[in-house]
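Before any comments, here is the structure.
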2 protein chains.
Amino acid sequence: MKIAEVASQTGLPAKTIRYYEEIGLIHPDRHANGYRDFSESHLHKLAFLGRARSLGFSIEECRALMALYEDRDRASADVKVIAQEHLGAIDSKISELQAMRQTLAHLVSCCAGDDRPNCPILADLAGTTTPMRTTSHDKEKLSAA
Amino acid sequence: MKIAEVASQTGLPAKTIRYYEEIGLIHPDRHANGYRDFSESHLHKLAFLGRARSLGFSIEECRALMALYEDRDRASADVKVIAQEHLGAIDSKISELQAMRQTLAHLVSCCAGDDRPNCPILADLAGTTTPMRTTSHDKEKLSAA
DNA sequence: GATAAAGGCTCCCGTGACGGGAAGGTCAAG
DNA sequence: CTTGACCTTCCCGTCACGGGAGCCTTTATC
């Protein structure tokens, strides 16, 4: 199978598939003319990678998950640990975004949005508002794991 | 004022401050010896940038916000548009993450996490489960604005 | 058989927003 | 006079690819 068909079957761009080979996630064969030759097994792995990526796993996490997937003697605990850590990272990210969202939504609701220059959004960013800013989005950033 | 003091006062790393100068967000003076010389005004701008960045605005959005901030004849509507678009982007991101979170949390809860190899997480990624996957995390990705 | 379009290949640069570190100049203290 | 703390510029690395150049092969058409 040539790369274009694999791309259409997996939904992954050809560029991405070549990249996955380059970083050693897959090892397709080669035709005599140099073209990559993918088997059903490669198709399967690429679909696996695509789904893992769509769940937000990093490339390195995908590599680890693939290795576990191919290890018949794996412990499901090892998989679960990776998934749980990723889940924690997602939760951190969501919290961070929700904090931003709250502050920003508040500021937006306070802004007249007309042709006058007075703007509470800029006032907040400039720090010229009285020190009762709703959420402390200044200072230390919550270092996500 | 030298860069280390500005860094400690704004909470921004010196590297970041130099970067902001390089991309034209600030224009500090120079001492005869080549050292950067920051005024209160520069400090103020950097604090503005730091707060805008902490709300998730991109550098280019920050540049636009700075320009509006320094424009006495701005319309608050222009500021509001930028903030609202960013708010929309944040909401998209949150939705995307929450979709991932839901799928992932479900899979994690289904995984025994012991030393046996059977693992519903890997089964889902491999697509070997019956086609009743909870959330459709495969196929098209919701293209965030 | 000639040609053109389509698809394959490699290689290199760009992204966003910096961080790390090298190599070297400057300045205050001891 | 030397040590050490700052400052400077410059360049590479990040993460996961995307865009495009330049070239080769296959397939379809004339």
- prompt: Over the Cα atoms of segment A:76-126, how large are the radius of gyration and the largest Cα-Cα distance (Dmax), in Å?
  reply: 18.8, 61
query: In whole angstrom, how far apart do the alpha carbon centroids of segment B:52-101 and segment A:90-111 sit?
result: 11
query: What residues does segment B:87-129 have that are buried by at least 50 Å² of accessible area in the full protein assembly compared to the chain on its own, 1.4 angstrom probe?
result: B:LEU87, B:ILE90, B:ILE94, B:LEU97, B:MET100, B:ARG101, B:LEU104, B:VAL108, B:PRO117, B:LEU122, B:LEU125, B:ALA126
field: Ellipticity estimate at 222 nm from DSSP helix runs (n ≥ 4, -39,500 (n - 2.57)) divided over chain B, nearest 500
entry: -19000 deg cm²/dmol
task: Could you tell me which residue in chain A puts its beta carbon nearest the axis mapping A onto B, with the distance rounded to whole Å?
output: A:ILE94, 3
query: What accessible area per residue, rounded to a whole number of Å², is obtained for the protein assembly as shown using a probe radius of 1.4 Å?
result: 56
Dipole moment magnitude, nearest 20 debye, segment B:3-70 about Cα centre, only Lys, Arg, Asp, Glu C-beta charged: 180
- request: Compute log10 of I(q)/I(0) for chain A with the Debye formula, placing one identical point scatterer on every Cα and leaving out solvent, at q = 0.13, 0.19 Å⁻¹, to two decimals.
  value: -0.75, -1.09
query: Over 24 Å between Cα atoms, which of A:LYS45/A:LYS80; B:LYS2/B:LYS80; A:LYS2/A:LYS80; B:LYS15/B:LYS45; B:LYS15/B:LYS80; B:LYS45/B:LYS93 qualify?
result: B:LYS2/B:LYS80; A:LYS2/A:LYS80; B:LYS15/B:LYS80; B:LYS45/B:LYS93
query: How much accessible area is lost when chains A and B come together, counting both sides, with a 1.4 Å probe, in Å² rounded to the nearest 100?
result: 4700
- prompt: In nm, one decimal, shortest first: how far is the label point of A:LYS2 (7 Å from Cα along Cα to beta carbon) from the matching points in the other copies?
  reply: 6.4
Rg and Dmax of the protein assembly as shown, Cα atoms only, in Å: 24.5, 73
statement: With Cα coordinates, the longest principal axis of chain A makes an angle with the long axis of helix A:76-110, in degrees rounded to 10, of 30
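The values are calculated or read from the model by the stated rules, or taken from the named source; none is laboratory data. Model, not experiment: these values are computed from the prediction. When we count neighbours, we look across all protein chains shown, and the Cβ atoms used for this are built from the backbone with ideal geometry, even at glycine. Quick note on the areas: whole protein, heavy atoms, side chains included, nothing else; ligands and nucleic acids left out. Shrake-Rupley method; radii C 1.70, N 1.55, O 1.52, S 1.80 Å.
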